[in-house]
There are 4 protein chains.
Amino acid sequence: MSLKNICVVVTARPSYSRIKTALTAIKNHPQLNLLLVVAASALLDRYGTAVKYIEEDGFKIDAKVFNVLEGENLTAQAKTTGLGIIELASVFEQLKPDAVVTVADRFETMSTAIAASYMNLPLIHIQGGEVTGNIDEKVRHAITKLADLHLVATEKAKERVIKMGEDPNMVFNTGCPSIDLADMVLKNPKIDFDLFKQYGGVGKIKNWEQGYLVVLQHPVTTEYQKSRVQIEETLHAIYELNIPTFWFWPNVDAGSDGTSKGIRSFRENHNIDHIHFFKNMEGKDFLKLLYNSKCLIGNSSAGIRECSYLGVPVVNIGSRQSGRERGQNIVDVEHNRDKIKGAINQAISMVRKHDDIYGDGQSGDEIAQKIAQIQIGYTKRLTY
Amino acid sequence: MSLKNICVVVTARPSYSRIKTALTAIKNHPQLNLLLVVAASALLDRYGTAVKYIEEDGFKIDAKVFNVLEGENLTAQAKTTGLGIIELASVFEQLKPDAVVTVADRFETMSTAIAASYMNLPLIHIQGGEVTGNIDEKVRHAITKLADLHLVATEKAKERVIKMGEDPNMVFNTGCPSIDLADMVLKNPKIDFDLFKQYGGVGKIKNWEQGYLVVLQHPVTTEYQKSRVQIEETLHAIYELNIPTFWFWPNVDAGSDGTSKGIRSFRENHNIDHIHFFKNMEGKDFLKLLYNSKCLIGNSSAGIRECSYLGVPVVNIGSRQSGRERGQNIVDVEHNRDKIKGAINQAISMVRKHDDIYGDGQSGDEIAQKIAQIQIGYTKRLTY
Amino acid sequence: MSLKNICVVVTARPSYSRIKTALTAIKNHPQLNLLLVVAASALLDRYGTAVKYIEEDGFKIDAKVFNVLEGENLTAQAKTTGLGIIELASVFEQLKPDAVVTVADRFETMSTAIAASYMNLPLIHIQGGEVTGNIDEKVRHAITKLADLHLVATEKAKERVIKMGEDPNMVFNTGCPSIDLADMVLKNPKIDFDLFKQYGGVGKIKNWEQGYLVVLQHPVTTEYQKSRVQIEETLHAIYELNIPTFWFWPNVDAGSDGTSKGIRSFRENHNIDHIHFFKNMEGKDFLKLLYNSKCLIGNSSAGIRECSYLGVPVVNIGSRQSGRERGQNIVDVEHNRDKIKGAINQAISMVRKHDDIYGDGQSGDEIAQKIAQIQIGYTKRLTY
Amino acid sequence: MSLKNICVVVTARPSYSRIKTALTAIKNHPQLNLLLVVAASALLDRYGTAVKYIEEDGFKIDAKVFNVLEGENLTAQAKTTGLGIIELASVFEQLKPDAVVTVADRFETMSTAIAASYMNLPLIHIQGGEVTGNIDEKVRHAITKLADLHLVATEKAKERVIKMGEDPNMVFNTGCPSIDLADMVLKNPKIDFDLFKQYGGVGKIKNWEQGYLVVLQHPVTTEYQKSRVQIEETLHAIYELNIPTFWFWPNVDAGSDGTSKGIRSFRENHNIDHIHFFKNMEGKDFLKLLYNSKCLIGNSSAGIRECSYLGVPVVNIGSRQSGRERGQNIVDVEHNRDKIKGAINQAISMVRKHDDIYGDGQSGDEIAQKIAQIQIGYTKRLTY
């Protein structure tokens, strides 16, 4: 029997981390052949290119797609997506996959979904059916309507996808592969690498071993002009708490320039020796850093997913994750420096509890198995 | 109070005919200002450019978008859509509309939906919630998930859109504006123009006034390699029946080259003096031609919509309209010349009945009113 | 020693025919490795796709680039070129050639020239330095200024390229590889294939073996709106002469729709049983057909190049080839049916003479040798 | 008589400064109507958007083109150019200018040249005929071959353009409009604005009024991987000299990330309190700053042009300006910190001399007059 050629398109560094165990499982599955395409911000140095990690992890990259438009506005996001379709159509024409996998809900993943479905290639969507604020909400459900096989991360997500009119035989709760990594980390959580040698960054942090915070706050595209004001509230809160802090630069969304500018300007004008800035960190190392932290602050989905499994307290700021299912580790708070400070103090004193709403640590294997087993077509019809 | 600037993007000649009364109603509404963008195949001479009709109808075109890739494959459809996003993003940046209207479910309408929703412009979708075969099915429901206001054409469509998780307060059954035209024609159905002087075309048809057939058959994108075989079955059926026939060239979908080639080749090799070929016809004239015909043959949505209102019998061939709600005027048949002949004979002898499942003839006005009344945002969330 | 990877981009069927012996020589050269990219109209069925011939000739296609915008205007030509750059940049990123070859002066060859030179890839231009009317004139010399190695077809062309400020050490007269084919045909000129079985086409031509004409007339882009009027003059001339004629469809330039329409409409309205229409013909077969014809009529460069070597009389109509060096086989004439008739009669009665201004039949080998021998960089400076 | 609509495309902040007096002269000319398009890096905040200055100067922007691809490689430059063509074609289709003006030789100006010439719009090129290193050299001369009217800045440039085969009646030495600004500054050279209030920037510079250096060093695209090493040599030289210095961030060329990174990293690791960093400065203010400086260091063309007119000494580093005509104010030096230090000391002690090889301060008016007077077509032919 010939192998099924499965093309996975990775468009951002965090998407790679999240999907990594599934990539490994597809690569190793006896009936599957992995075709890997790296695109968009995953190729950009400015946001911590994923290419280095991907190659170090032993994957071969079959095609690269440079399609990110520069510019501090939503127009650039739309055009990036349009250019992505044009280029991915050529890539699919060249690679001739039997099915295409698109991950989650970043704006530019729509390129993958459209190019594949318009070319009559069966489309597999990972992590559909969740609910959040943001343009992600529209993108995620639109991709559900273009996809032929749905591998979701929670029971509620499965229910929602079926409710939206998808064939129940094509919807499976495989859990989220990001939890696989969290599971490995949970079994060996020690920080066994040199943070600064390995990941550089800037800052003069001291005595972090006695306890530290981690911050990761992305701009919110439906509110992009507010991104600078929003990041400043968090900056002030962290500044005033004066606890050693590791801060990660945000991703490439519109408004990230506002976020970046806010951070850069704050650094020029305040003495923030207790904050160290990283550009990025390999997925497993990042989870170890989280596990050993006092809490995570920001609006990353890692707070909702991996941290719930790891039992790490999270201060979740603003609307970006609103609507997403969450464990008991979350303290929600708005963009207000005093409330953020209060929430951090509350989070730090929480009792830690492990939660597995987003998976049991075997998601990568389950994803590969479903892809291998299920016969996937490229036509479908609403169930009602 | 300042006017709401409503940008409507028309991407194909038939879409223009279908939406025309709504355009007029928006243009004339005291609270609305119409911004009209003409794009894609609506600009191509080869398929009967809509520009001439649009300008003759008194509309001003605010921007033109040339984005159709040439080529006999689905890759070109994907790239056309990608290029459409890139260009429409610039157009929206220039026109700065308060809301954007996208019509129905042709593949390239996704360009409008993505450019608008990514740029935080409220998106209004007309004719969502219907069910068909084809890539249209995926496109239509994906656009529903990107749209903020849904103006659908039937009660069942309304139910489905709400079931898919849309806010019931943002879903209205306004009927299909194509029925408005049918309503006008019903009141004055006489063919009051010179078919050949006005629309040219080729052929040596005679005695058509004693009764004639009309054929309009588009390629089906999910089966595009079969388009030539499929058109040949219809050609043979019409050839053998030897009844005067008006035949319309298909639209620009992938595979239309297969369809066109089939027709061209058949013409070279058969004596088909009883068939006259038209490239296109102004909407109202087309409906008059249909009303006075023995029946319509093919897979056009006009058979399902306008013909049900007009009570014209229709032989609907193949999968393109499968799933769509239909009146009693339809005889469904597969791609087989003998069965097509049988179905035509059955249709011709039908008793004609008027049906209004697709609207009551006031749809254009209702659409403009809803757009003017409803406060539309650009964020939303699944209702479950 | 490692092979030099030489990427040749072919963008049209006639370009392929013209460059074919050079492709073979590059492929067979012990120091070179051929990377073949097929793009633009070379991939379009409507104009006679080159892919079939290329594969039958034993070449492997390393990448395909679908970039032709549809539309009857110059805007589409500009956009086709822009899209070509975007896609070829990705192709070059993937193939990583040591040098790139671009052929002649069609508008879309600029895509190759810009993508290569902007990416610091040494650019080799074949057939620079000639002079004509048309946009080709601008394109050709602009590419000369982007190219690092110039392999031209005549001594005068060599002089001109050097005069334009190029390093004389990087300019070589290798002749035109189209003459290589003409040379083979000259040694064996018999029509040894069945024209109609092999190439189909439409028409009812009879008794062509007693003598026939060949017509190949392209639209002229700087006069594109006149293309329909221009083709009609030629159609009338041929119609009135009533000599058996083989007529070839034009290429994909803006205005070809005008040309095509003119032909199609003429066929509907006149009895032209003595004309047979072909879409295209394999290069060698086409030259055999020319060799055995009474004369070639139109504005194809084959009239100037191959026919001068073959000694076939040519009626060259209009401005498209004006300025190009020519042998004694040419009768120039303007777009006027009576003058065209006169010129054809004059051409038919000419004494045939062989001419080798465009090469001696060894051009393909010479091109491959120069590419292998010359050290090519990607920086240069005007010599004055 | 109706006005000639002249469309000028500005693609970068420095290009705007350079062309500004010509824009004013076109705007004010009784026979001309200015259509202004702002594109590419001129729209990007990261490099100091030109939009603010343009609007403050009283110009209306008729279209904006967002086309810069992000990424640290030459592929992005090629794609930016391709996307520029696609979008400018739509802009020209909309604006319907009578002629298009493209300025100088940045890579993305090729978009303007190709879109205009392919659409049969007469193309006017400002500042052709100069000689430099870099990809600019290829771009500049290629645009000369696409352009119909050449308005060059020096006598030698005029000679070269004619030698390249252009019609001498279409080549005029109008001087460089950047000198117009220099001329105004020469008449009133006092720094009459608050540097820091007006232009912000970062640094702790003191006592600069007693004498200061200015640095502006761009990456060189044909050597882009070396850009970080090259900037570090200059950084070390300036660091060691310890003279108050105003340093300007580089433009958007490939490799600017290398340059930026070099600067950013140096700042983290060295105490450089005597350097102040600016992002950008309005043209006239920049020239005043230069006039009052000890010398300019780097590879900006302002050193060659404006500084020769102003008599300001310049240390010109590396290959970027090699080949360009220069006055006596230049000390050329390679990328070596010790040699740079030596050259700065030599420059500081020079006797200042005014030079007018690049114009006499009336260039803007002369450009507008030529555009108004000369009848420009869109076809041409090599003169030999």
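Annotation for D:PHE193, label-to-label distances across the other copies: 4.7, 6.1, 7.0 nm (shortest first, one decimal, point 7 Å from Cα along Cα→Cβ). Shape analysis of the range C:176-278 places it in the oblate category; the axes a ≥ b ≥ c from the Cα gyration tensor give an a/c of at least 1.5, with a/b not above b/c. For chain A, the Cβ-based charge dipole about the Cα centre amounts to some 160 debye (Lys, Arg positive; Asp, Glu negative; other atoms uncharged).
Of all residues in chain C, the one whose Cβ lies closest to the rotation axis carrying C onto B, together with that distance in whole Å, is C:GLU70, 2. Here the contact order of the range B:135-219, divided by its residue count and restricted to Cα pairs under 8 Å and six or more residues apart, works out to 22 percent. Keeping the other protein chains in place, figure out the carbon and sulfur percent of the accessible area of the protein assembly as shown, with a 1.4 Å probe. Accessible surface attributable to carbon and sulfur in the protein assembly as shown totals 46 percent.
Note on B:LYS138: aspartates and glutamates with a C-alpha under 13 Å away, same-chain residues under 8 apart excluded, are A:ASP148, A:GLU166, B:ASP105, B:GLU108, B:GLU130. So how tilted is helix B:256-269 from the main axis of chain B? Cα-based, degrees 0 to 90, rounded to 10. That helix lies at roughly 20 degrees to the long axis. With angles folded into 0 to 90 degrees, how steeply does helix B:109-118 sit against the dominant principal axis of chain B? Use alpha carbons for both and round to 10. Helix B:109-118 sits roughly 10 degrees off the main axis of chain B.
How tilted is helix A:178-187 with respect to the longest principal axis of chain A? Cα atoms for both, answer in degrees (0 to 90, nearest 10). The angle comes out at about 50 degrees. Across the range A:212-217, rounded Karplus estimates of 3J(HN,Hα) from the backbone phi angles (6.51 cos²θ - 1.76 cosθ + 1.60, θ = phi - 60°) give 8, 9, 10, 10, 8, 10 Hz, Gly and Pro being marked x. Normalised per residue, the accessible area of the range B:75-210 is 28 Å², obtained with a 1.4 Å probe and no contribution from ligands, DNA or RNA.
Springs between Cα atoms under 10 Å define the GNM used for chain A, and in it the highest mean-square fluctuation of A:VAL202, A:VAL220, A:VAL131 occurs at A:VAL202. Calculated [222 nm] ellipticity per residue, helices only, for chain A: -12500 deg cm²/dmol; basis is -39500 (n - 2.57) per DSSP H run with n ≥ 4, divided by all residues, nearest 500.
Bridging of D:LYS226 to aspartates and glutamates at a Cα separation below 12 Å is possible for D:ASP257, once same-chain residues fewer than 8 apart are set aside. When only Cα pairs below 8 angstrom with a gap of at least 6 residues are kept, chain B shows a relative contact order of 18 percent.
Report the local net charge at B:PHE193: Lys and Arg +1, Asp and Glu -1, summed over other residues whose C-beta lies under 13 Å from its C-beta. Here the count lands on 0. Phi angles across the range B:238-245 convert, under the Karplus curve 6.51 cos²θ - 1.76 cosθ + 1.60 with θ = phi - 60°, into 3J(HN,Hα) values of 5, 4, 6, 5, 6, 9, x, 9 Hz, Gly and Pro given as x. Quick check on the range D:71-173: take the gyration tensor over C-alpha atoms, sort the square-rooted eigenvalues as a ≥ b ≥ c, and tell me if it's rounded (a/c under 1.5), prolate or oblate. Oblate shape, in that a/c is at least 1.5 and b/c is the bigger or equal ratio.
Taking amide H atoms as placed 1.01 Å from N in the peptide plane, the amide H of C:LEU35 lies under 5 Å from those of C:ILE6, C:CYS7, C:VAL8, each 5 or more residues away in sequence or on another chain.
Rank B:ILE205, B:SER178, B:GLY128 by how far each Cα sits towards the positive end of the charge dipole of chain B (+1 on Lys, Arg Cβ; -1 on Asp, Glu Cβ) and give me just the farthest. So the residue furthest toward the plus end is B:ILE205.
Residue ranking by accessible heavy-atom surface, 1.4 Å probe, largest first, among A:TYR384, D:TYR239 comes out as D:TYR239, A:TYR384. Each other copy places its own label point for D:GLU209 at 5.2, 10.0, 10.3 nm from this one, sorted shortest first, where the point lies 7 Å along the Cα-to-beta carbon line.
DSSP beta bridges fully contained in the protein assembly as shown are about 5 percent antiparallel.
For the residue pairs D:LYS27/D:LYS380; B:LYS60/B:LYS96; B:LYS197/B:LYS279; A:LYS20/A:LYS60; A:LYS294/A:LYS341, the alpha carbons lie more than 19 Å apart in D:LYS27/D:LYS380.
DSSP finds beta bridges in chain B, and of those with both partners inside it, around 5 percent are antiparallel. For D:VAL65, the residues whose amide H sits under 5 Å from its own are D:VAL38, D:ALA39, D:ALA40, ignoring neighbours fewer than 5 places away on the same chain, with H placed 1.01 Å from N.
For the cross-link pairs D:LYS52/D:LYS353; A:LYS339/B:LYS145; A:LYS370/B:LYS156; A:LYS79/D:LYS52; B:LYS163/B:LYS353, the ones whose C-alpha atoms lie over 29 Å apart are D:LYS52/D:LYS353; A:LYS339/B:LYS145; A:LYS370/B:LYS156; B:LYS163/B:LYS353. Rounded to the nearest 20, the size of the Cβ-charge dipole of the protein assembly as shown about its Cα centre is 0 debye, with Lys and Arg at +1 and Asp and Glu at -1. Averaged over the residues of peptide A:107-116, the number of Cβ atoms from other protein chains lying within 10 Å of each residue's Cβ is 4. Label point of D:LYS279 (7 Å along Cα→beta-carbon): distances to the other copies' equivalent points are 2.0, 5.2, 5.6 nm, sorted ascending.
Contact residues in the range D:151-166 by the 10 Å² criterion (accessible area, 1.4 Å probe, full protein complex versus chain alone): D:ARG160, D:LYS163, D:MET164. Summarising the amide proton neighbourhood of D:GLU325: residues at separation of 5 or more, or on other chains, whose placed amide H is nearer than 5 Å comprise D:VAL131. When DSSP beta bridges are restricted to pairs lying wholly in the range B:120-278, around 10% turn out antiparallel. The trypsin sites (Lys or Arg not before Pro) of the range B:44-86 that meet both conditions, a loop assignment by DSSP and at most 13 other Cβ atoms within 10 Å of the site Cβ, are B:LYS60.
Only protein heavy atoms count here, probed at 1.4 Å, and on that basis chains C and D bury about 4200 Å² of accessible area in total. Dividing the Cα radius of gyration of chain C by 2.2 N^0.38 Å, with N the residue count, gives 0.95. Per residue, the average separation of C-alpha pairs within less than 8 Å and at least 6 apart gives the range B:219-336 a relative contact order of 22 percent.
For the range B:290-352, applying the loop criterion from DSSP together with a ceiling of 12 other beta carbons within 10 Å to the GluC sites (Glu not before Pro) yields B:GLU334.
Computed about its Cα centre, the charge dipole of the range B:103-220 is approximately 320 debye, with only Lys, Arg, Asp and Glu carrying charge at their Cβ.
The values are calculated or read from the model by the stated rules, or taken from the named source; none is laboratory data. Quick caveat: nothing in here was measured; it's all calculated off a predicted structure. We place every Cβ from the backbone using ideal geometry, glycine too, and count neighbours over all the protein chains shown. These accessible areas exclude ligands, DNA and RNA; they are computed on the full protein's heavy atoms, side chains included. Shrake-Rupley method; radii C 1.70, N 1.55, O 1.52, S 1.80 Å.
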